[in-house]
1. Being closer than 30 Å to VAL255 by Cβ and crowded, with 18+ Cβ neighbours inside 10 Å is the filter here; which residues of the range 3-30 pass it?
2. All but one of (1) within 10 Å of the ligand (Cβ to nearest atom); (2) surrounded by fewer than 19 Cβ atoms within 10 Å (Cβ to Cβ); (3) within 23 Å of ALA74 (Cα to Cα) hold for GLU297; state the number of the condition that does not hold.
3. Can you find a residue that is open to solvent by 40 Å² or more (accessible area, probe 1.4 Å) and under 14 Å from SER129 (Cβ atoms) anywhere in the range 47-56?
4. Quickly run through the range 166-178 and pick out the residues that are of a type outside the set (A, V, I, L, M, F, W, C), crowded, with 16+ Cβ neighbours inside 10 Å and under 27 Å from ALA113 (Cβ atoms).
5. What are the residues in the range 50-78 that are more than 19 Å from the chain's Cα centre (by Cα), in contact (Cβ under 8 Å) with a residue 60 or more places away in the chain and assigned to a loop (DSSP other than H, G, I, E, B), if any?
6. Counting just the residues of the range 230-264 that are near the ligand (Cβ under 8 Å from one of its atoms) and of a type in the set (Ser, Thr, Tyr), which one comes out surrounded by the fewest Cβ atoms within 10 Å (Cβ to Cβ)?
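The values are calculated or read from the model by the stated rules, or taken from the named source; none is laboratory data. This structure is a prediction, so every number in the text was calculated from the model and none was measured. Note that each Cβ is placed from the backbone with ideal geometry, even for glycine, and that neighbours are counted across all protein chains shown. Each accessible area value is taken on the protein alone, full model and side chains, heavy atoms only, with ligands, DNA and RNA left out. Shrake-Rupley method; radii C 1.70, N 1.55, O 1.52, S 1.80 Å.
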Amino acid sequence: MSWRKESSLAWLRSLPGVRADEPLAARTSFGIGGPAEFFAEMANPQSVERAIEGCRVRAIPYRLLGAGTNVLIADAGIEGLVVRVVNRDVEVDGTRIRAGAGLKMMRLARVAADAGLRGFEFGIGVPGSVGGAVYQNAGCWGSELRQVLVSVTGFQPGADRRTWSVGDLGLGYRTSALRDGALRGALVIDATIKLERGDGEEAKRLMARLTRERNETQPIKTKNCGSVFKNPPGDSAGRLIQAAGLKGTREGSAVISELHGNFIINEGGARAADVARLIDRVRSEVMRRFGVQLEREVELIGSWK
Ligand code: EPU
């Protein structure tokens, strides 16, 4: 039975700041995807908690969105409610920093350096939000969030607000219990990281160097979703895609980057279906040539039927 009862639709329409049929493409780094049936941007965690708890009791599908840097939204859009979580409060306390889920990782990296803290320089290479980074244990240059993470405040519909330890979060390579396990659908409110005291100016120099390097190896000025595939154990998806001769392969306006094989670029007006076809082509060609099963890092969300 559909969840679309008149009372549930009326409740959705009554949410603060909610908009119906809201385009989402511009809210993703890919610039691709259809509309949200209902959409709201919320900075107050309690508002998000009320919204997703309300969805749970009414069996309304919902989706939490951060900076939209690792998602491919279907052309048909997303049914139910989409909440963009934008709480960006940040608080430095000694060597610990507590950061709201909506804060950008790059911003947090600068806050850490300004506070004379070391160990979060890798954050400058992660385009997403803190919430999204917890969701998939984001990382760069061989470091990942879990190495500095102390705890996360969160809310799981049907339960209370609580503090998750790193162990509770089931963090692995680009995965967590929020993305793939028992905490699916739960909200990240904020994350606390612990760093080392050090020379903030040195941290800034290192971040500048890493950014220059990233600029040379990744098409960071284009519309893309970051790495499309996870690296298979002991190898690199980008290397395999290049070795399979797939750079420059296109479907519509979606094309595999000539600079880095693990990036798909939206040249303008690409459809989600184009990207999905390109992903399938890459997977079957890499499997045929090298017998390696590439696993997607980008998450396909919305109505794909
Ligand atoms: N390579 C090629 N051809 C290519 C691309 C890469 O031969 O077209 C080779 C490189 O020469 C290198 C190896 O593959 O020897 C690895 O490439 P790179 O150093 O560019 O890193 P990556 O493994 O492709 C990972 C993360 C990135 C992160 C970079 C930098 C994954 C899936 N990707 O990329 O994370 O920015 O390291 O540390 O783990 C992301 O997750 O969205 C992301 C961008």
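1. GLU22, LEU24, ALA25, ARG27, THR28, SER29, PHE30
2. That leaves (2) as the condition not met.
3. no
4. Those that are of a type outside the set (A, V, I, L, M, F, W, C), crowded, with 16+ Cβ neighbours inside 10 Å and under 27 Å from ALA113 (Cβ atoms): ARG174, SER176.
5. Residue satisfying the conditions is ALA76 alone.
6. Per the stated criteria, the residue is SER236.
For every residue, the table says whether it meets (1) open to solvent by 20 Å² or more (accessible area, probe 1.4 Å); (2) without any contact (Cβ under 8 Å) to a residue 12 or more places away in the chain; (3) within 16 Å of the ligand (Cβ to nearest atom).
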| site | (1), (2), (3) |
| --- | --- |
| ASP180 | yes, yes, yes |
| GLY185 | yes, no, no |
| LYS194 | yes, no, no |
| LYS204 | yes, no, no |
| THR211 | yes, no, yes |
| VAL228 | no, no, yes |
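A quick yes/no check of all residues on (1) in a strand (DSSP E or B); (2) open to solvent by 20 Å² or more (accessible area, probe 1.4 Å); (3) among the hydrophobic types (A, V, I, L, M, F, W, C); (4) on the phi < 0 side of the Ramachandran plot:
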{"site": "GLY131", "(1), (2), (3), (4)": "no, no, no, yes"}
{"site": "VAL150", "(1), (2), (3), (4)": "yes, yes, yes, yes"}
{"site": "GLY158", "(1), (2), (3), (4)": "no, yes, no, no"}
{"site": "TRP164", "(1), (2), (3), (4)": "yes, no, yes, yes"}
